[in-house]
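This report concerns only the one structure given below.
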Amino acid sequence: MIEKRMDIAFYVKLFPLKMHKDAYWKSKSIVCNKSLKLLEDNFENKPIPKSDCKTTEVDDNIKFAEKNGISGTPTIILPDGSVYSGTTDAEKLIKMIDEATPAKAPKPSAK
């Protein structure tokens, strides 16, 4: 999908669910190492190293989710603030983003 729409930015916020016993420390390790590779390795069930760095990012994500009624993953927050939970294919996601993006104001005409 990224290849199709270079104008869309995706921000991945790790939100470890309590039902996944290792998700919290794995999320912290990924964040601490600022590593997309570790994220991908984790999703492919490859082992990732444990990190002891100090960060509040994962805890902040958990608080944000609780405050905003987010209880599952994946959850997508669209440009208009609407929330979509669950997986979707790339074409549908692009359409949802386009529909939720405010139209840009027309450029003033030159006089």
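The values are calculated or read from the model by the stated rules, or taken from the named source; none is laboratory data. All values reported here derive from a predicted model rather than from experimental measurement. Methodologically, a virtual Cβ is constructed for each residue, glycine included, from the backbone with ideal geometry; neighbour enumeration extends over all protein chains shown. Surface areas here come from the heavy atoms of the whole protein model, side chains and all, with no ligands, DNA or RNA. Shrake-Rupley method; radii C 1.70, N 1.55, O 1.52, S 1.80 Å.
Is it true that some residue in the range 66-86 is among the β-branched types (Val, Ile, Thr) and in contact with a helix residue (DSSP H, G or I) (Cβ under 6 Å, 6 or more places away or on another chain)?
Taking every residue of the range 66-86 in turn, none turns out to be among the β-branched types (Val, Ile, Thr) and in contact with a helix residue (DSSP H, G or I) (Cβ under 6 Å, 6 or more places away or on another chain).
Need pairs with beta-carbon distance below 7 Å; first residue on the phi > 0 side of the Ramachandran plot and within the range 27-56, second in a loop (DSSP other than H, G, I, E, B) and open to solvent by 70 Å² or more (accessible area, probe 1.4 Å); sequence gap 6+ or separate chains.
No pair meets every condition.
Given the options LYS21, LYS50, LYS107, name the one that is modelled with pLDDT under 90 and out of contact with any Cys (no Cβ under 6 Å at 6 or more places or on another chain).
LYS107
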